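First comes the structure, then the notes that go with it.
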Amino acid sequence: MDYLITIWLAAGVAACIALCVRPAPYGRHAEAGWGPMVSGRTGWIVMESPALFTVLALFATAPRAAGAAGAAEIVFLLLWCLHYGNRAGLYALRMPPDSARMPVLIAFFGAVFHVVNGWLQGIWLFHRGTERGIGWLRDPRFVVGLVIFLGGMMLNWWADGVLLKLRRSGRYQIPRGGLFERVSCPNYLGEMIEWTGWAVLTWSAAGAAFAVWTAANLAPRAVSHHRWYRQQFPDYPTERRALIPF
Ligand code: NDP
């Protein structure tokens with residue numbers, strides 16, 4: 001298992017380097033030459049739902065998922081479903097129909113990522129990792145991790161809500177208010193905080209690897225978004241950073 005996590009981490013670092021050179025071609029960075037496209041909404045559903053199904057399948061086939069001994073595992077599952085139920089369901093359905101289209105290839109790569117990542121999380125949490133009894137729910141690592149996870153999720157959901165509302169106007173605009181006054185991508189910052197919390201609350205190598213992957217994905221994209229905003233809007237606030245305030 002450890003060597004799989006190491007390979008997965010190395011892949012994350014490679015992806016980060018590639019994304020620093022060229023942003024993933026979806027959303028505002030979409031470009032021609034990536035083959036057939038689907039609506040943003042379809043792309044997000046195809047890309048994100050395997051995360052839900054893979055982890056649910058591994059939970060369902062785990063030998064120890066029932067009863068008090070599995071209480072912590074049930075909470076892990078609920079948190080996972082809360083995030084991906086939103087991302088693959090509510091978030092996707094809230095996207096306006098004219099959102100940027102997504103190359104099928106990107107949706108496919110995203111789906112593969114979520115099968116692999118979901119498999120690593122599910123195997124570690126429900127099959128091979130240290131079994132967490134009900135007592136884990138009182139462990140400081142769980143409590144602190146949960147606060148970080150939920151705090152990150154709230155920030156992510158709030159910022160996504162602001163952006164989706166702007167998008168309904170049919171054009172890109174400068175987002176305003178709250179943490180948007182400090183950073184260009186509070187939704188990415190929230191997501192990174194969230195999966196850091198996941199790593200802490202599960203206290204697992206798989207969770208830590210996912211937190212690294214999220215940063216590897218989103219930090220370069222935040223820089224690309226920030227650069228794009230500054231190119232598109234001459235009056236873009238100069239004090240705003242890409243991802244980390246101040
Ligand atoms: P973006 O911020 O690029 O876009 C989010 C939505 O808001 C899109 O519908 C976009 O439209 C719209 N939008 C964004 N900025 C503006 C603006 N200034 N004016 C008007 N509309 C705007 O986020 P992503 O699409 O990259 O990601 C969506 C979610 O998925 C985020 O919460 C992110 O954290 C998460 N995610 C997580 C990853 C991980 O590794 N865990 C990886 C990638 C994303 P349009 O699509 O037309 O550009």
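Every number here is computed from the coordinates shown, using simple stated rules; none is lab data. Every value quoted in this text rests on a predicted model; they were computed, and no experiment measured them. Counting neighbours? That spans all protein chains shown, and the Cβs are built from the backbone with ideal geometry, glycine included.
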How long is the gain from residue 227 to residue 81 if the chain were fully straight, where each residue apart is worth 0.36 nm and the alpha carbon distance is subtracted? 49.2 nm
Anyone know which of 60, 51, 222 comes out most mobile in the 10 Å Cα GNM of the chain? 60
Within the range 99-246: Cβ-based charge dipole about Cα centre, in debye rounded to nearest 20 (Lys, Arg +1; Asp, Glu -1): 400
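Find me the longest stretch of the chain that has none of the exposed trypsin sites (Lys or Arg not before Pro), where exposed means in a DSSP loop (not H, G, I, E or B) with at most 14 other Cβ atoms within 10 Å. Write out the running numbers ahead of the final one.
On the way: sites that count: 64, 168, 171, 176.
No qualifying site falls inside 65-167, the longest such stretch.
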With only helices counted (DSSP H, runs n ≥ 4, each -39500 (n - 2.57)), the per-residue ellipticity at 222 nm for the chain, to the nearest 500, works out to -21000 deg cm²/dmol
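Can you classify the range 1-61 as rounded, prolate or oblate using the Cα gyration tensor, where a ≥ b ≥ c are the square roots of its eigenvalues, rounded means a/c under 1.5, and otherwise it's prolate if a/b beats b/c and oblate if not? List each step's numbers first, then the result.
Working: a/c = 3.58, a/b = 1.24, b/c = 2.88.
Oblate, because a/c is 1.5 or more while a/b does not exceed b/c.
Rounded to the nearest 20 Debye, what is the dipole magnitude of the range 28-148 about its Cα centre when Lys and Arg each give +1 and Asp and Glu each give -1 at the C-beta? Intermediate results must be reported in sequence, preceding the final value.
Values: 10 positive and 6 negative charges, 26 e Å.
That gives the range 28-148 a dipole magnitude of about 120 debye.
Going by the alpha-carbon gyration tensor, a ≥ b ≥ c the square roots of its eigenvalues, is the chain rounded (a/c under 1.5) or, if a/c is not under 1.5, prolate (a/b greater than b/c) versus oblate?
prolate
Quick one: compute the contact order of the range 36-130, relative version, from alpha carbon pairs under 8 angstrom and 6+ residues apart, as a percent.
Details: 110 pairs, mean separation 53.5, N = 95.
Relative contact order here is 56 percent.
Within the chain, which whole H helices from DSSP have a Cα span along their axis of at least 27 Å and a mean Kyte-Doolittle hydropathy of 1.6 or more, if any?
Numbers: long enough: 2-21 (29 Å, 2.03); 40-60 (30 Å, 1.13); 140-167 (40 Å, 1.09); 205-232 (40 Å, -0.21).
The answer, listed by residue number, is 2-21.
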Rounded, prolate or oblate: which fits the range 112-184, taking a ≥ b ≥ c as square roots of the Cα gyration tensor eigenvalues, rounded meaning a/c under 1.5, else prolate when a/b beats b/c? oblate
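How long are the semi-axes of the equivalent ellipsoid of the range 35-139, taking √(5λ) for every eigenvalue λ of the Cα gyration tensor, in whole Å from largest down? Please list the in-between numbers first.
On the way: eigenvalues 204, 40, 14 Å².
Over the Cα atoms of the range 35-139, the ellipsoid semi-axes are 32, 14, 8 Å.
Can you tell me, using C-alpha contacts under 8 Å and at least 6 residues apart, the relative contact order of the range 128-227 as a whole percent?
Details: 111 pairs, mean separation 34.2, N = 100.
Relative contact order, the range 128-227: 34 percent.
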Binning every alpha carbon pair distance of the range 167-222 at 10 Å from zero, what are the percents per bin? 24, 38, 27, 11, 1
